[in-house]
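Below is one structure, written out as structure tokens, with a few remarks after it.
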Amino acid sequence: MGFSGFSPETLDFLSDLNANNNKAWFEAHKPDYQKYLLEPLKNLVTDLGSFMLTIDPYFETRPAVNKTISRIYRDTRFSKDKSLFKSTMWITFKRPGKDWRDAPAYFFEISLDSYRYGMGLYAASPDTMYRFREMIDKRPKEFLEAISFYSKQEIFVVEGEKYKKILFDENMPEEIQDWYQRRNLYTACNRKI
């Protein structure tokens, strides 16, 4: 069965999970998780998989948790937030293993009140981001031309953690500064439900 969208029950499950974030509640509602959240995400991955392989033949496209689908269980070992479960889930198309960190990845994410999708470098190495900035330094006019689409649209925004220290000089064009200052870099379309 192909992807036919998310149902109101998907949002109800996420909302209820957010309000009842404990193991007993989740175990009692695990069939709802599988039916209303996990199965639609698997169907979405399956439907998009062959197309995504035309973008990058090395992408992981198996519709499985920890492959293309996020885990619902949170790792709370080093977090102040001890909630056991995520109230947001996502799919990603990226290269397997450590190869994904320095190559663009695509994502879709759903939460109880919004969804988002986009692509970019989410955990790029410092060397990759250094080379990105070096390319901008060497060819700023070409980079401005490459990102000119961005100023002409209102769907995608540039996101990603920024360095605290300013990395550019005062002569850098303003249109480039936001891209240049990123520790990781992606574009996303954010929508309320």
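The values are calculated or read from the model by the stated rules, or taken from the named source; none is laboratory data. Everything numeric in this text was worked out from a predicted model, so none of it was measured. Cβ placement follows ideal geometry from the backbone for every residue including glycine, while neighbour counts extend to all protein chains displayed.
Is it the case that residue 54 is of a type in the set (Ser, Thr, Tyr), in contact with a Pro (Cβ under 9 Å, 6 or more places away or on another chain) and modelled with pLDDT of 95 or more? Break it down stepwise before answering.
Working: of a type in the set (Ser, Thr, Tyr): yes; in contact with a Pro (Cβ under 9 Å, 6 or more places away or on another chain): no; modelled with pLDDT of 95 or more: yes.
It is false that residue 54 is of a type in the set (Ser, Thr, Tyr), in contact with a Pro (Cβ under 9 Å, 6 or more places away or on another chain) and modelled with pLDDT of 95 or more.
When you scan the stretch 71-89, how many residues do you find that are in a loop (DSSP other than H, G, I, E, B) and either closer than 17 Å to residue 11 by Cβ or not assigned by TED's automatic domain parsing to the domain that holds residue 54 (or both)? Talk me through it step by step, then tell me what you get.
Just the residues of the stretch 71-89 that are in a loop (DSSP other than H, G, I, E, B), to begin with: 71-72, 74-84, 86-87.
Applying the additional criterion that residues be either closer than 17 Å to residue 11 by Cβ or not assigned by TED's automatic domain parsing to the domain that holds residue 54 (or both) yields 72, 86-87.
The total comes to 3.
Restricting the search to the stretch 147-158, which residues are within 18 Å of residue 136 (Cα to Cα) and modelled with pLDDT of 90 or more?
147, 148, 158
Any chance the stretch 173-181 includes a residue that's without any contact (Cβ under 8 Å) to a residue 12 or more places away in the chain, assigned to a loop (DSSP other than H, G, I, E, B) and not assigned by TED's automatic domain parsing to the domain that holds residue 56? Show your work before the answer.
Of the residues in the stretch 173-181, the ones without any contact (Cβ under 8 Å) to a residue 12 or more places away in the chain are 174, 177.
Restricting the remaining residues to those that are assigned to a loop (DSSP other than H, G, I, E, B) gives none.
No, every residue in the stretch 173-181 fails to be without any contact (Cβ under 8 Å) to a residue 12 or more places away in the chain, assigned to a loop (DSSP other than H, G, I, E, B) and not assigned by TED's automatic domain parsing to the domain that holds residue 56.
Starting from residues that are outside the structural domain of residue 168 (by TED's automatic domain parsing) and basic (Lys, Arg), keep the ones in the stretch 90-148 and report whichever is surrounded by the most Cβ atoms within 10 Å (Cβ to Cβ).
Across the stretch 90-148, the extreme among qualifying residues is 94.
From (1) on the phi > 0 side of the Ramachandran plot; (2) modelled with pLDDT of 95 or more, pick out the condition that doesn't hold for residue 97.
Every listed condition holds for residue 97 apart from (2).
Counting residues that are within 19 Å of residue 96 (Cβ to Cβ) and under 19 Å from the mean Cα position of the chain (by Cα), which helices (runs of 4 or more DSSP H) fully inside the stretch 1-60 reach at least 2? It would help to see each step written out before you state the result.
Values: elements: 8-19, 23-28, 39-55.
Output list reads 39-55.
For the stretch 147-167, check the following and say yes or no: at least one residue is assigned to a helix (DSSP H, G or I), acidic (Asp, Glu) and without any contact (Cβ under 8 Å) to a residue 40 or more places away in the chain. Spell out the reasoning first.
Our first condition is that a residue be assigned to a helix (DSSP H, G or I); within the stretch 147-167, this holds for 148-151.
Checking which are acidic (Asp, Glu) leaves us with none.
No, that holds for no residue.
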